[in-house]
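S.K.: I am attaching a structure below and will ask some questions about it afterwards.
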Amino acid sequence: MRVAKVIVDVSTSQTNHTFDYLIPESWENIVQKGMRVSVPFGPRKVMGFVLEVSDHSEFDKLKPLDEVMDLTPVLTEELLQIGKWISEQTVSFYIQTFQAMLPQILKAKYKKEIEVLTDVEIAEELQQLFAGRAVMDFEEFVERNGNYSLLLKEVKNGHVQINYIVKSKETNKTKVFIAPNKEPYLLEEALEDTSNRAKKQKRILEYFLEQTTPIEQKQLITELSTTTATINQLVERNLLKKIEKKVYRDPFQDTDFERSKSLPLSGQQQTAIKPIWQAIEEKQDEVFLLHGVTGSGKTEVYLQAIERVLDKGMEAIVLVPEIALTPQMVQRFKSRFGSQVAVLHSALSAGEKFDEWTKIHKKEVNVVVGARSAIFAPFENIGIIIIDEEHETSYKQDEQPRYHAREVAKKRGNYHHCPVVLGSATPMLESYARAKKGVYHLLEMPDRMNEGEMPPVEIVDMRDELYAGNRTMFSRNLLEAIKTRIEKKEQIVLFLNRRGYSTFVMCRECGDVMKCPACDIALTYHKSSHQLKCHYCDYQIAMVKECQACNSKTIRYFGTGTQKVEEALREHIPEAKVIRMDVDTTRRKGSHKKLLEKFGNKEANILLGTQMIAKGLDFENVTLVGVLAVDAMLHLPDFRSSEKTFQLLTQVSGRAGRHKLPGEVIIQTYTPEHYSIQLASQYHYQQFFHQEMQTRRGFRYPPYYFLTLINVSHPNQLKAQEVTKTICKLLFKHLSDEATILGPTPSPIVRINNRYRYQCMVKYKDEPNQREIIRKIQEHYYDDIHRNDLTIQVDFEPYSLM
Ligand SMILES: Nc1ncnc2c1ncn2[C@@H]1O[C@H](COP(=O)(O)OP(=O)(O)OP(=O)(O)O)[C@@H](O)[C@H]1O
Ligand SMILES: [Zn+2]
Ligand SMILES: [Zn+2]
């Protein structure tokens, strides 16, 4: 008896364990752990992952599984282990994690077929099954008791291939190719037999006398200016044949990549890369923090570290934040490593993602460049994992399983005994603190590649502009500087911050922002109740009418959109050609790339955009960077708002003067004295680090304390509040005295989709039982969750506090 232990696709706390199913005899040799199967579950059939195959079960009367969905495991042993670990760490269901590790499309069902690839004789037993056909359905193979291990052997030899045909239209793209179907001398005979009136047929036959390799039908038609009808006539005469070939959708197929060679490394690059090379050679699972200023040449270090890994026949994973996964970035990897690179990011269609994943799964590539989920690339011989811009919050998934790619990377590094490199110009406080303690190996690159100084930053106090009667969104200096650049035919990047749009309240006279007296967090304006609230504790006051600091009545909440800025630019500088890049102008596929290309070709003077343009761009003609409204981010109700502002300003400033031309940065703000802005303008990372660490210690925030955020929501406000209150009480009772429990507090956005949201925050040092307690709490509310529309979300080490 063979038994499969299966995690079924039913996300509840009561089904979050394996169920045993009998493996029917015909599947016995086929089912392996890491494959997906279809199993009966109650009245339904559901998908499931095989976690283990065993020869016994504690239960009698097992139901047999229905179907095997994969021929080779889609999750490796390692990924199964990591999946279990993630589920436990994030208190999520196993099924959620396993599915998060795979491309979306694999949730659908697909058909499998086996195809003979070569003229080489395959094993006799298989030949009989194929009976002269090139392709057969896998279902038939199973029905006729095909020898599975023999099949796998031929797959390994490259004689046979397994095709996955997904039923959705998206997945497989085929092209029709035309090839000769007869020996050349027979074609020649046919040519002579063809009447002179059939000139078109003759031309095609002549072509195939010289050319025996298949050619795409479309291409044949253009090259010989012939027609499908003519080709069909020859196919009917059995002289030619049509072949359908699966082609990968290559999102970059229209792009020619010029091959780049590795550059001779600068002194600081050499110093940084040596320990990384050593860790690769010695198979050490060391974690490096590469702290290098913008333009210091971090990417070249990544490239040459990867080169070393590929030389050893191993694989590399590179994570880049979604927003920085620009065509420019992709190009740098593709032009160095060519078709060995797969790219995974969210702009790809589901089908494209599946294709890229398939290349990895089949080991057709050995480098993956991708956003967060690329950390699950099913490689089995990883030599290095690189996380660029490691401070980016998008590396944490904001729905269950709420994993952090950095933590998964370290886990995979452990497993493969390979180094993990975290790179950034502005490492996250937590990371830099770990590096200082020696937990990570710190590598510093303090100088720019072009040996230039960092571009000088001018801070413009927008309150002064107001006094001077300038009520526009551009300061006089910025306007002047823009005009000068346009005259000199240099280019400008204008950055507008959109995050935190109009949630905080600020005095335009003195720049004062209302804060919570207990939490040092900007108060959030709640429009419905016209109140200011702290969403960490329960402090709240009525919306103020005048500034508490200076009594001015110019108090208001904040926000401007890119469109408004574009209109204003047109008004003040009519001669400027502007490219606007935001969610609206980049919605269409490929538009992101086109806009950047246009800017790169100097078809515009100004690139205006949001977060999207803050990172990764490397244009040599950009000499001025302007930051329009930095304050919105600074006052987000988030203890990381200073850090995020510092990081953002540093990144944006880094876009200027990266090559020969010197750069300049102008930051407009209402709070010029704020230390994030001051220190960013002087590129003082170290000093910022020390100052911010002190604040964190004082207010008991990370990295001194860990946080857990529990969000409760329900259509009934009272219910949401009551449940949160009970959860707070339970945590208070079961956690140690060292833990601080804050709440119940209304979430910053109290109502979404008619659901009320409350939260509870835990600050702690060490609570080993915490996850177990939270699981129990969730089980306690099982009925409410499944029948009564309650949700309880738990986020360990949250990045978003909304
Ligand atoms: N060894 C080298 N020799 C010559 N040029 C180099 C070398 N290393 C990097 N460069 C060039 O220097 C510029 C900056 O390097 P790169 O973009 O890698 O820096 P970075 O640290 O990744 O920057 P950022 O963090 O701002 O994205 C690029 O144009 C790059 O091609
Ligand atoms: Zn004021
Ligand atoms: Zn508070």
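FYI, it's all coordinate maths here, none of it is from the lab. All figures in this text were calculated on a predicted structure; none of them were measured in a lab. Here the Cβ positions follow ideal geometry from the backbone for every residue, glycine too, while neighbour counts run over all protein chains shown.
S.K.: When Rg is the radius of gyration of the Cα atoms in segment 267-445 and Rh is its Kirkwood radius, what does Rg/Rh come to?
M.R.: Computed over Cα atoms, the ratio is 0.93.
S.K.: Another question, if that's okay. Quick one: angle between helix 562-572 and the longest Cα principal axis of the chain, in degrees between 0 and 90, rounded to 10, please.
M.R.: The angle comes out near 70 degrees.
S.K.: Taking Cα centroids, how far is segment 732-802 from segment 299-367 in Å?
M.R.: When both Cα centres are located, 38 Å separates them.
S.K.: Would you give the gap between the C-alpha center of segment 665-723 and the C-alpha center of segment 3-67, rounded to a whole Å?
M.R.: Answer, in whole Å: 46.
S.K.: Same structure, new question: Going highest first, how would you order 51-58, 13-20 by mean Cβ packing within 10 Å?
M.R.: The packing order, highest mean first, is 13-20, 51-58.
S.K.: Okay, moving on. Roughly how many debye, to the nearest 20, is the charge dipole of the chain about its Cα centre, given +1 on each Lys and Arg Cβ, -1 on each Asp and Glu Cβ, and no other charges?
M.R.: 2020 debye
S.K.: So for segment 3-108, taking the charge dipole from beta-carbon charges (+1 Lys/Arg, -1 Asp/Glu), which of 65, 98, 82 sits furthest toward the positive end?
M.R.: Of 65, 98, 82, it is 98.
S.K.: Tell me the net charge near residue 6. Cut-off is 15 Å between Cβ atoms, residue 6 excluded, with +1 for each Lys or Arg and -1 for each Asp or Glu.
M.R.: Result for the neighbourhood of residue 6: +1.
S.K.: Report, to the nearest 10°, how far helix 405-416 tilts away from the longest principal axis of the Cα atoms in the chain, using its own Cα long axis and a range of 0 to 90°.
M.R.: Once rounded, one gets 50 degrees.
S.K.: Give me the percent relative contact order of the chain, please, defined on Cα pairs under 8 angstrom at least 6 residues apart.
M.R.: It comes to 10 percent, rounded to a whole number.
S.K.: Between the helical axis of 199-210 and the dominant principal axis of the chain, each derived from Cα atoms, what acute angle in degrees is found, rounded to the nearest 10?
M.R.: That works out to roughly 90 degrees.
S.K.: Could you please report the charge total around residue 33, scoring K, R as +1 and D, E as -1 over all other residues with beta-carbon less than 10 angstrom from its beta-carbon?
M.R.: That works out to -1.
S.K.: Oh, and also: Using every Cα-Cα pair within the chain, state what percent have a distance larger than 42 Å.
M.R.: The calculated P(r) of the chain puts 42 percent of pairs beyond 42 Å.
S.K.: Given Cα positions, please report Rg to Rh for segment 412-465, the hydrodynamic radius being the Kirkwood one.
M.R.: 1.19
S.K.: Still on this structure: Can you list the residues, at least 5 places off or on another chain, whose amide H is less than 5 Å from the amide H of residue 515, using H built in the peptide plane?
M.R.: Those qualifying (amide H under 5 Å, at least 5 residues apart or on another chain) are 523.
S.K.: Provide the percentage of antiparallel DSSP beta bridges, counting only those with both residues in the chain; round to the nearest 5.
M.R.: Within the chain, antiparallel bridges account for around 60 percent of the total.
S.K.: Please give the net charge around residue 765, taking every other residue with its beta carbon less than 14 angstrom from that of residue 765, where Lys and Arg add +1 and Asp and Glu add -1.
M.R.: Net charge around residue 765: -1.
S.K.: Also: Give the Rg (one decimal place) followed by the Dmax (whole number) of segment 3-108, computed from C-alpha coordinates and expressed in Å.
M.R.: For segment 3-108, the Cα-based Rg and Dmax read 12.9, 38 Å.
S.K.: If contacts are Cα pairs under 8 angstrom and at least 6 residues apart, what is the relative contact order of segment 706-796 in percent?
M.R.: Contact order relative to length: 43 percent.
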